[in-house]
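First comes the structure, then the notes that go with it.
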Amino acid sequence: MRPLSICVLGGTGFVGRHLVCRLIRDGHHVRILTRDRFLHRDLTVLPGLELVDADVHDATALAAALGGQEVAINLVGILNERGHDGRGFLHAHTRLASTLVAACRAAGVPRLLQMSSLRAAVDAPSHYLRSKALAEQAIRDGAGATLAWTIFRPSVIFGRGDSFLNRFAALLALAPVLPLARAAARFQPVWIGDVVEAMVRTLARADSIGATYELGGPDIVTLAGVVRYVGELTGRRRPLIALPDSLGRLQAALLEYFPGKPLSLDNFHSLQLDSVCTDDGCGRLGIVPAALGAVVPSYLGDGRRAVLPREPAGVPA
């Protein structure tokens, strides 16, 4: 595939940094839009990378920043908001998607890749999942005939620098006992390398235009199973207490006031749905996804071996 000019929104985050490094390695020219390029100047060591200050929520500024680009990739996402009314999620996810579609069309950008979330639905129990679904809808409805889009719906993403497994490792280091809300919630964790590979492959595949890919790994695990696995790897085995939903909701409400919001009420509502694929998006793209056990010990723990407690596959709740 020939080198492309690619503009990435949310390129300084966990997924963004992994994706940008891959795109640069493949010879593409990458432009990252950021609120303050000085804060991310470490990225300027990457050849072919351009950091541009831009307010991505400003339609005029966004269209100008997209000038001359062949692909736009939207990775912007938040897991928590201020307040509880959903306005923060709608602003970060839904309204931005609408603004981006209009800006792409105004700037003549022909291709858009959108990061969504597994189990996103307009009737989902959380603001996060509803706003992601509405963002997808905004892209499908607004793209018209000139903007070719592809949507990705990953389960929870793991890899070096992730906020999922590393967060539990930090909690286990602090807590002698770990009360756990929604301990039986199921996930299908997908490695960041496979998510990046999926996105890169769609750039060269015409059959990915107008397609949505659910991305999950080979392991289906409960939240409790993940925490136990992290405890085994790090040598921080702790008793887990599976909380009933009444106490789990209370725990989420209290943890909203802790630094970093380790759990919020909206997170709790999202956990009511199992994050398990109903479609093999990796398989459709010819990707054999990596297992947790093949990757996680390389960046988490001190060389200990651990057995991952797997759950049977099935139809998500």
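Figure legend. Inter-residue proximity from the stretch 183-208: first residues touching a residue at least 24 places away in the same chain (Cβ under 8 Å) and more than 10 Å from residue 150 (Cβ to Cβ), second residues part of a helix (DSSP H, G or I) and not aliphatic (A, V, I, L, M), beta-carbon distance below 7 Å, spacing 6+ or different chains. Indicated pairs: 192/18; 194/282; 196/18; 196/22; 200/22.
Here are some residues: 182, 186. Which one is charged (D, E, K, R), more than 17 Å from the chain's Cα centre (by Cα) and at pLDDT 95 or above? Give the steps one after another, and end with the answer.
On the way: 186 fails: more than 17 Å from the chain's Cα centre (by Cα).
So the residue among 182, 186 that is charged (D, E, K, R), more than 17 Å from the chain's Cα centre (by Cα) and at pLDDT 95 or above is 182.
Right, residue 167: at pLDDT below 95 and not assigned by TED's automatic domain parsing to the domain that holds residue 22 or not?
Taking the combined requirement at face value, the residue satisfies it.
Filtering the stretch 125-156 to residues that are closer than 25 Å to residue 70 by Cα, assigned to a helix (DSSP H, G or I) and not small (Gly, Ala, Ser) leaves 132, 134, 136, 137, 139, 140, 141. Can you confirm whether residue 79 is aliphatic (A, V, I, L, M), farther than 20 Å from residue 111 by Cα and touching a residue at least 40 places away in the same chain (Cβ under 8 Å)? Taking the combined requirement at face value, the residue satisfies it. Just give me the residues in the stretch 102-129 being under 24 Å from residue 220 (Cα atoms) and surrounded by 22 or more Cβ atoms within 10 Å (Cβ to Cβ), in sequence order. 115, 116, 117, 118, 119, 120, 126, 128, 129, listed by residue number.
Note on the stretch 159-198: residues that are part of a strand (DSSP E or B) and under 23 Å from residue 119 (Cα atoms) amount to 5. Would you confirm whether any residue within the stretch 203-216 is of a type in the set (Lys, Arg) and assigned to a helix (DSSP H, G or I)? The answer is no, given that none of the residues of the stretch 203-216 is of a type in the set (Lys, Arg) and assigned to a helix (DSSP H, G or I).
Scan 30, 52, 71 and give me the residue that is in the same structural domain as residue 147 (by TED's automatic domain parsing), farther than 22 Å from residue 135 by Cβ and touching a Lys or Arg at 6+ places or on another chain (Cβ under 8 Å).
On the way: 30 fails: touching a Lys or Arg at 6+ places or on another chain (Cβ under 8 Å); 71 fails: farther than 22 Å from residue 135 by Cβ.
Within the list 30, 52, 71, the selection yields 52.
Residue 274 meets the conditions (1) acidic (Asp, Glu); (2) surrounded by 19 or more Cβ atoms within 10 Å (Cβ to Cβ); (3) at pLDDT below 90 in every case but one. The failed one is (3).
Scanning the stretch 1-59 for residues that are part of a loop (DSSP other than H, G, I, E, B) and among the basic types (Lys, Arg), which turns out surrounded by the most Cβ atoms within 10 Å (Cβ to Cβ)?
Going residue by residue through the stretch 1-59, those that are part of a loop (DSSP other than H, G, I, E, B) are 1-4, 10-13, 26-28, 35-36, 46-48, 54-58.
In the following step, the residues that additionally are among the basic types (Lys, Arg) were identified as 2, 35.
Details: 2: 7, 35: 11.
The qualifying residue surrounded by the most Cβ atoms within 10 Å (Cβ to Cβ) is 35.
Has the stretch 273-292 got at least one residue that is among the small types (Gly, Ala, Ser), more than 19 Å from residue 154 (Cα to Cα) and not assigned by TED's automatic domain parsing to the domain that holds residue 78? Within the stretch 273-292, not a single residue is among the small types (Gly, Ala, Ser), more than 19 Å from residue 154 (Cα to Cα) and not assigned by TED's automatic domain parsing to the domain that holds residue 78. Among the residues of the stretch 252-267, just one is of a type in the set (Asp, Glu) and not in a loop (DSSP other than H, G, I, E, B), namely 266. Taking the stated definitions as given, is residue 135 under 18 Å from the mean Cα position of the chain (by Cα), among the aliphatic types (A, V, I, L, M), within 25 Å of residue 25 (Cα to Cα) and surrounded by 22 or more Cβ atoms within 10 Å (Cβ to Cβ)? Spelling it out, it is not the case that residue 135 is under 18 Å from the mean Cα position of the chain (by Cα), among the aliphatic types (A, V, I, L, M), within 25 Å of residue 25 (Cα to Cα) and surrounded by 22 or more Cβ atoms within 10 Å (Cβ to Cβ).
The values are calculated or read from the model by the stated rules, or taken from the named source; none is laboratory data. Remember, it's a predicted structure, so these values are computed and weren't measured experimentally. So basically every Cβ, Gly included, is an ideal-geometry build from the backbone, and we count neighbours across all protein chains shown.
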